[in-house]
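Visitor: I have a structure I would like to understand better, so I am pasting it below and will then ask my questions one at a time.
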Amino acid sequence: MTAPRNDRALLRLLPVAAGILVLSAFLLGVQGAAPPPPPEPEPGRPRADIIRIDGLRRFGKLERPAVTYLHEKHTRALAARNLDCLACHLPAEKALSTKFKRLEDVSREQTMAVYHTHCTGCHRETAARGEPSGPVSCAGCHQERPVASSWRDIGMDRSLHYRHVKAQENRCEVCHHERDPATQKLVYVKGNENNCRSCHREEPVEKVRTLRQAAHEQCIDCHRKRIARKEESGPIYCSGCHDPAFQAKVEKVKEVPRLLRGQPDQTLVKAARRGAPPIDPAERAAVVAFNHIGHEAYVDTCRACHHATMASCASCHTLEGAKEGKFVTLQTAMHRGTAEASCIGCHNAVKAKPACAGCHAAIPVKDPPDVAGCASCHVPRPEGLEKGADRQAVARRLLEARSPVRATYADEEIPENVEIKVLSRTYEGAKLPHRRIVKALAKGAAESRLAAAFHRDPGTLCQGCHHHSPVAKKPPACASCHAQPFDPRHPGRPGLQAAYHLQCMECHRHMGVEKPVATDCTGCHKEKR
Amino acid sequence: MSISRRRFLGWMGAAGAGLAAGGRAHAAALPPSGGHPDALGVLFDVTRCIGCRKCEEACNRVNELPPPERPFQDLGVLQKTRRTDARTYTVVNRYEGIPGAKGPLYRKIQCNHCLEPACASACFVRAFTKNPDGAVTYDESVCVGCRYCMIACPFEIPTYEYDKALTPRVMKCTFCHPRLVQGLLPGCVEACPSEALTFGRRRDLLRIARERMAQFPGRYLDHIYGEFEMGGTAWMTISGVPFAAIGMREDLGTTPAPELTKGALGVVPVVAAMWPVLLTGIYAINRRRDRIAREEREAAVAAAVARAEAEAKKKLAEALAKAEKDKKAAIEREVKKALEEAARARGEAPAGPAPGTPGATKPA
């Protein structure tokens, strides 16, 4: 029998744990106490501190339902008795262990014993003191108890990162480290900082802890130490980081200085074959100049593009695909319209904003993209681009040579009012304040650097409505394509009436234009008498 | 000789299974629906519907249905979830507070014109017809008013004119079949201002739906409701939110309703047609068996009688022979006795008369 022996082992540990408790309580008393946990949310409200205790899952099927554990409820109860994290978490080499009352994963029986002894033990003691306490029976904890969760991921965005940089006085090594392959020790290499997630994954990889474990140990430990030193500190409770209400309260720095890690200001996008160094731009027929410094301001984290590591795209996404890049070719990695980290995928996400979506929501996403747009990024290799030339300088020159389009036609060239009366039957013609509409769209486009870069012509904006025809000051009439509805020769093409209605209503809906409502017919055209 | 009920049912089941295996059994004699490649349909795009009720109005007009209690311009009726009734072939319902949707969503309800209609499969007088154009139509002249169609329909579409005492009808959308025949669009489709209802050949509509999904990633769920539901329907729906959120059943499965009942119902016409033949056959078999049995019995009896007679004769002969023998022995015994007496009477004289003496013979 193993269980009794484990119990004895734990009993032997008890004095040690008690000693640590007393010591830590003493130290805390000296060094300053943690802020009190936030008040208990009202019953039934979603909460961010739900932990599913199902550690036995790795030993096979669970015999009983996993325990739904509300972390902050316990923190609160312990704080009322002047107890802190150490009541449940043992101090490991560097920080407190995230595991309950143990430092490492132990056997099935030992794991069970740890929880059963300490949970019910504490519940019994508390009840014996006549205070409200938790369950001591099996089913008291082991039951399916759905609790609404408000938990949300938290990332280190630029603002939060900057506040940490400032608090740590530019000592990047406090958080950033890497494993030295020779000594197998964690070292810091200046200029080689990476995303936490590039090593700390969802699942443990060899010795590397999961992101969850690493983040909770490192973040909370540092926050606790700063609190103890009475310095400005971050949250130590679940909701402080993971509850949307608390996340909204996190201070945002508006002007975040640029993060420097040796990245270029402008560069030529690299391309490489598998297992070979990047191809020299001088050997390529066309090149893409990329404004790195500009894009840094558009995204919240480096991770938005450098989704796996901080290396260049081509180091994983080679021309023909490689294992490191999950066989996603460079071409796909840049152009995939539905991918978050691809150029076009990110541009499409921007185009979903109300100012753009009026037109763009109705423009089909093409994968691969329309060839008409290639030249917006891909330009022929410029004259005088020698082998080994300064890529940054070439890229800067190419970017400066671009002529962003910020305006549409002059006012007098835009018809002021347009009356659509070709279909007039029950209703009179619809009077369209054409110029006002164009100006409203142009205002949104003028404010967007993306639009300025990709709207190639002053007439590009017109193509939001006057689509599927070349740019022209006098575009073809809608009726030249949209005729009778449900024409079997063009089964997907809306008839004229639906074409008008869809265009107006969809644009209004996506731009948040509330009036006239779609069902208010007379809001656009008067009823015939 | 009789057959048990159990054995009879066993034969029937086997006959039904044989029919099912032999080909597509169309319960209650449905026409094969897969054979209309140019059948029409309508694709309802939830993302395009604005909830204007123009379809309801047009439906009422073209089908000459009774006027509604509240006018079609009154969008306040959308506050309640409605269903089709005997005066309404189609309704639009509003669904609010759906996660992932910006505002309220609307869904039009009408007969979906199943490829293999449950209503038709349940009707034992063939009041429903699946037409080659895709419409499922109803013939009131043969309807007996059993309302099995209403129970059978998984979409709860057919309704009944309960308020008519003498000529109640089952009422449901006809896909404007009379208009389709004239080359006109269904009333609702014609009236829809935003082509939330796309009309066309069903196979084209499937392609259009897939194209929209590909061209506008994220706008639609990758599911065309009605492509396979209940074996496929002529009217189909695409949506950006789960279909259950807009009141559509997601538990229907892809098996056409007739498929579920064909095993049992497929037997019915067989029973009706084969009954006399079958029973006559069973009767003939039984009769033949009875006759043979009788003949065999008679032959056996005859043989047994013959055998018994022969034995009796033999016994008689033996008995007669024995009697003769006994008689002879008795005579001899008597003769011998008489001779001995005679000899004693001659008495006392020297014994043994000479043979051949006259005194030696004495009449018995």
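The values are calculated or read from the model by the stated rules, or taken from the named source; none is laboratory data. Keep in mind that what you see is a predicted model, and the values were worked out from it rather than measured. FYI the Cβ positions are ideal-geometry reconstructions off the backbone, even for glycines, and counts take in every protein chain you see.
Visitor: Might you let me know whether segment B:82-94 holds any residue that is more than 14 Å from chain A (Cβ to nearest Cβ) and over 19 Å from B:TRP235 (Cβ atoms)?
Guide: Looking for residues that are more than 14 Å from chain A (Cβ to nearest Cβ) and over 19 Å from B:TRP235 (Cβ atoms), one finds at least one in segment B:82-94, hence yes.
So that you can scan it fast, the table gives a plain yes or no per residue for (1) of a type outside the set (Val, Ile, Thr); (2) within 22 Å of A:PRO39 (Cβ to Cβ); (3) in a helix (DSSP H, G or I); (4) within 32 Å of the chain's Cα centre (by Cα):
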site	(1), (2), (3), (4)
A:GLU63	yes, no, no, no
A:ARG76	yes, yes, yes, yes
A:LEU86	yes, no, yes, no
A:HIS89	yes, no, no, yes
A:LYS101	yes, no, no, no
A:VAL114	no, no, yes, no
A:ARG124	yes, no, yes, no
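Visitor: Within segment A:317-328, does at least one residue satisfy the condition of being in contact with a helix residue (DSSP H, G or I) (Cβ under 8 Å, 6 or more places away or on another chain), under 29 Å from A:ALA361 (Cα atoms), touching a residue at least 40 places away in the same chain (Cβ under 8 Å) and not hydroxyl-bearing (Ser, Thr, Tyr)?
Guide: Within segment A:317-328 (the criterion being in contact with a helix residue (DSSP H, G or I) (Cβ under 8 Å, 6 or more places away or on another chain), under 29 Å from A:ALA361 (Cα atoms), touching a residue at least 40 places away in the same chain (Cβ under 8 Å) and not hydroxyl-bearing (Ser, Thr, Tyr)), the answer is no, since none of the residues qualifies.
Visitor: Of the residues in segment B:38-70, how many are surrounded by 17 or more Cβ atoms within 10 Å (Cβ to Cβ) and within 14 Å of chain A (Cβ to nearest Cβ)?
Guide: 20
Visitor: Considering only residues that are closer than 18 Å to A:SER448 by Cα, within 12 Å of chain B (Cβ to nearest Cβ) and in contact with a Phe, Trp or Tyr (Cβ under 9 Å, 6 or more places away or on another chain), which ones fall in segment A:319-362?
Guide: Result: A:ALA361, single match.
Visitor: Yes or no: segment B:125-134 includes at least one residue that is part of a strand (DSSP E or B) and surrounded by 21 or more Cβ atoms within 10 Å (Cβ to Cβ).
Guide: Yes - at least one qualifying residue is present in segment B:125-134.
Visitor: Looking at (1) of a type outside the set (S, T, N, Q); (2) more than 30 Å from A:ASP487 (Cα to Cα); (3) surrounded by fewer than 16 Cβ atoms within 10 Å (Cβ to Cβ), can you tell me which one B:LYS262 breaks?
Guide: Result: B:LYS262 passes all but (3).
Visitor: Residue pairs, Cβ under 6 Å, 6 or more apart or interchain, first in segment B:183-202 and facing chain A (nearest Cβ under 7 Å), second in a helix (DSSP H, G or I). List them.
Guide: Once the first residue is facing chain A (nearest Cβ under 7 Å) and sits in segment B:183-202, its partners that are in a helix (DSSP H, G or I) give B:PRO193/A:HIS501; B:SER194/A:ALA498; B:SER194/A:HIS501; B:SER194/A:LEU502; B:GLU195/A:ALA498; B:PHE199/B:VAL189.
Visitor: Which of the residues spanning segment B:206-221 are without any contact (Cβ under 8 Å) to a residue 24 or more places away in the chain and within 11 Å of another protein chain (Cβ to nearest Cβ)? Give the steps one after another, and end with the answer.
Guide: Step one: filter segment B:206-221 for residues without any contact (Cβ under 8 Å) to a residue 24 or more places away in the chain, giving B:207, B:210-211, B:214-218, B:221.
Of everything in segment B:206-221, those that are without any contact (Cβ under 8 Å) to a residue 24 or more places away in the chain and within 11 Å of another protein chain (Cβ to nearest Cβ) turn out to be B:ARG207, B:ARG210, B:GLU211, B:ALA214, B:GLN215, B:PHE216, B:PRO217, B:GLY218.
Visitor: How about segment B:222-237: which of its residues are outside any helix (DSSP H, G or I) and in contact (Cβ under 8 Å) with a residue 12 or more places away in the chain?
Guide: Answer for segment B:222-237, where residues must be outside any helix (DSSP H, G or I) and in contact (Cβ under 8 Å) with a residue 12 or more places away in the chain: B:HIS223, B:ILE224, B:TYR225, B:GLY226, B:GLU227, B:PHE228, B:GLY232, B:THR233, B:ALA234, B:TRP235, B:MET236, B:THR237.
Visitor: Condition first: away from every other protein chain (no Cβ under 11 Å), modelled with pLDDT of 90 or more and surrounded by 13 or more Cβ atoms within 10 Å (Cβ to Cβ). Now tell me which residues in segment A:480-510 satisfy that.
Guide: Correct list: A:CYS481, A:CYS507.
Visitor: Any chance segment A:513-520 includes a residue that's more than 14 Å from A:ILE437 (Cβ to Cβ), in contact (Cβ under 8 Å) with a residue 24 or more places away in the chain, within 11 Å of chain B (Cβ to nearest Cβ) and assigned to a loop (DSSP other than H, G, I, E, B)?
Guide: no
Visitor: Is it fair to say A:ASN194 is touching a residue at least 40 places away in the same chain (Cβ under 8 Å) and either touching a Lys or Arg at 6+ places or on another chain (Cβ under 9 Å) or assigned to a loop (DSSP other than H, G, I, E, B) (or both)?
Guide: Answer is yes for this residue.
Visitor: Determine whether A:SER469 is among the hydroxyl-bearing types (Ser, Thr, Tyr), over 42 Å from the mean Cα position of the chain (by Cα) and more than 29 Å from B:LEU105 (Cβ to Cβ).
Guide: In short, no.
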